[in-house]
1. Out of (1) modelled with pLDDT under 95; (2) of a type in the set (Gly, Ala, Ser); (3) over 17 Å from the mean Cα position of the chain (by Cα), the odd one out for residue 170 is which?
2. Within the range 120-133, can you find the residues that are within 21 Å of residue 45 (Cβ to Cβ) and either without any contact (Cβ under 8 Å) to a residue 40 or more places away in the chain or surrounded by 20 or more Cβ atoms within 10 Å (Cβ to Cβ) (or both)?
3. If you scan the range 358-388, which residues turn out to be exposed (fewer than 15 other Cβ atoms within 10 Å of the Cβ) and not in a helix (DSSP H, G or I)?
4. So how many residues does the range 137-159 have that are in a helix (DSSP H, G or I) and either under 14 Å from residue 384 (Cβ atoms) or not aliphatic (A, V, I, L, M) (or both)?
5. Restrict the check to the range 226-241 and report whether at least one residue is assigned by TED's automatic domain parsing to the domain that holds residue 182, within 28 Å of residue 104 (Cα to Cα) and at pLDDT 95 or above.
6. Identify the residue in the range 134-157 that is crowded, with 24+ Cβ neighbours inside 10 Å and small (Gly, Ala, Ser) and, among all such residues, is farthest from the chain's Cα centre (by Cα).
7. Could you list, in sequence order, all residues of the range 141-160 that are in contact (Cβ under 8 Å) with a residue 24 or more places away in the chain and farther than 20 Å from residue 315 by Cβ?
Amino acid sequence: MVAATLLALLGTAAPAHASAVRPPATPCPPSLAGTATCHTGQDANGAYYTIAIPKRWNGSLVVHAHGGPAPSYDPATTTADLAEWAVLVREGYAWAGSSYRRGGYGVRMAAADTENVRRLFADRFGRPGRTYLHGQSFGGNVAAKTAEIHGRGGAYDGVLLTSGLLAGGSRGYDHRVDLRVVYQYYCRNLPRPAEPQYPLWQGLPADSTLTPDDVLARLQECTGIGSAPADRTPRQQRNLDDITAVTRIPERSLPTHLQYATFLFQDIVANRLGGRNPFGTEGVRYSGSHDDRALNARVARFRADPTARRDLSYDSDLTGQVSVPVLTLHAIDDPSVFVEHEAAYRATLGGAGRLVQTFTREAEHDELSVAEYATSLAALDAWVRTGRKPAPEFIAQSCAAFDRTYGGGCFYDPGYRPAPFSTRIRPRPGGVAWPAMTAAQERSWSRVEGVGIAP
């Protein structure tokens, strides 16, 4: 019973069973037509997957963890992921990606599904010579957690994290918590005064009928963000200036962050934590507005439920217990997952160790230069094969050859070092990353109903 409960709550990987039956062949994305064979299917947990094997396979596999999380996934999800990362297959690597078994939050669940697709590939197509984990955005958190939980015994040879959310859930979303309360202070329309009131840490009530378009309409109403500056009212412009200055969120990514601060928080609180609050704003000092005193006096304040914060931390925070090489790539002006996440991850790993971090003078999150993605995987593979840790300067220099093949340019800044995480995300007084649970705690907490991020 205990084992079954733990499987249900934490999404532990189900054992893979050997089978000679390969998934059916399906059309590859157009960019891989004629160069690879693709297969799709659905695993025992309900997660969709796509596998691609190039005709000139180099014998190694990339297991991909995608970003998000989105509210739901369908059979097209992983094929779209493959199309986005086709360069890795064109470089000769087999590729396998899972949709995850459901939409919504859950890092350990997604890590289990990522590990499952690796096992499925090995069972159906044979064990690769080398296996690399790749995580993008939220998938960076997933891949890093996969390496920590499932990386024992040589399952993975290296990890590539691109634009990764690497500070973990217990602090990686604090800027969106700040956005939620600062937005409401200025806009007062989520909820409106005449609507039922609710604590903002819920994101939205569990039974809310608001849609993403409704939320964007209210953001437009308050800030005029979708209008030309000349068409905004003075009040709209001041609201927009204050919100972006205080939260340090760029204007162009404000709509996306607000969507996560409503719908993702709703999912985390209502569906994964049984209504408990993992977020806090007590003691946070907000600055940068036209009137900081009024803002700090009236902005919503609340304290995290320690059990909710503990469970969110256990599900998503990283321990640094990784024994294989890890290479990261991050744009310095990433508007969605701030580059300071890399400083948090470096601190989690206790310094450089098995880590090489690279940074580019780009201002995107999802679509960095294709040449840089190819460069990153090649550098990680060479590190694993030779045992020689590459310097960021060498990686930057090697990009030119890939740029001649794929284009996109090379924008590396080998000398860049991100500032501490606390300089970008307002720290919570006395807040620290929760420590990893001991084996005894895991055994104890697995017997408690509701512990963990429920699948």
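The values are calculated or read from the model by the stated rules, or taken from the named source; none is laboratory data. What you see is a predicted model, and the numbers here were worked out from it, not measured in a lab. As a convention, Cβ positions derive from the backbone with ideal geometry for all residues, glycine included, and neighbour counts pool all protein chains shown.
1. (3)
2. Kept after step one, since they are within 21 Å of residue 45 (Cβ to Cβ), are these residues of the range 120-133: 120-125, 131, 133.
Within the range 120-133, 120, 121, 131, 133 qualify.
3. If we filter the range 358-388 for residues that are exposed (fewer than 15 other Cβ atoms within 10 Å of the Cβ), which is where we start, we get 361, 363-364, 366-367, 385-388.
Of everything in the range 358-388, those that are exposed (fewer than 15 other Cβ atoms within 10 Å of the Cβ) and not in a helix (DSSP H, G or I) turn out to be 361, 363, 364, 366, 367, 387, 388.
4. Going residue by residue through the range 137-159, those that are in a helix (DSSP H, G or I) are 138-150, 152-154.
Among the residues that remain, those that are also either under 14 Å from residue 384 (Cβ atoms) or not aliphatic (A, V, I, L, M) (or both) are: 138-141, 145-148, 150, 152-154.
Counting residues in the range 137-159 that are in a helix (DSSP H, G or I) and either under 14 Å from residue 384 (Cβ atoms) or not aliphatic (A, V, I, L, M) (or both) gives 12.
5. We begin by selecting, within the range 226-241, every residue assigned by TED's automatic domain parsing to the domain that holds residue 182; these are 226-241.
Right, trim to within 28 Å of residue 104 (Cα to Cα) and you get 226.
Filter again for at pLDDT 95 or above, leaving 226.
Yes: one or more hits.
6. Only one residue tops the list, namely 147.
7. Within the range 141-160, 155, 156, 157, 158, 160 meet the criteria.
Conditions (1) modelled with pLDDT of 95 or more; (2) of a type in the set (S, T, N, Q); (3) assigned by TED's automatic domain parsing to the domain that holds residue 377; (4) touching a helix residue (DSSP H, G or I) at 6+ places or on another chain (Cβ under 7 Å), marked per residue:
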site	(1), (2), (3), (4)
111	yes, no, yes, yes
114	yes, yes, yes, yes
117	yes, no, yes, no
141	yes, yes, yes, yes
147	yes, no, yes, no
151	no, no, yes, no
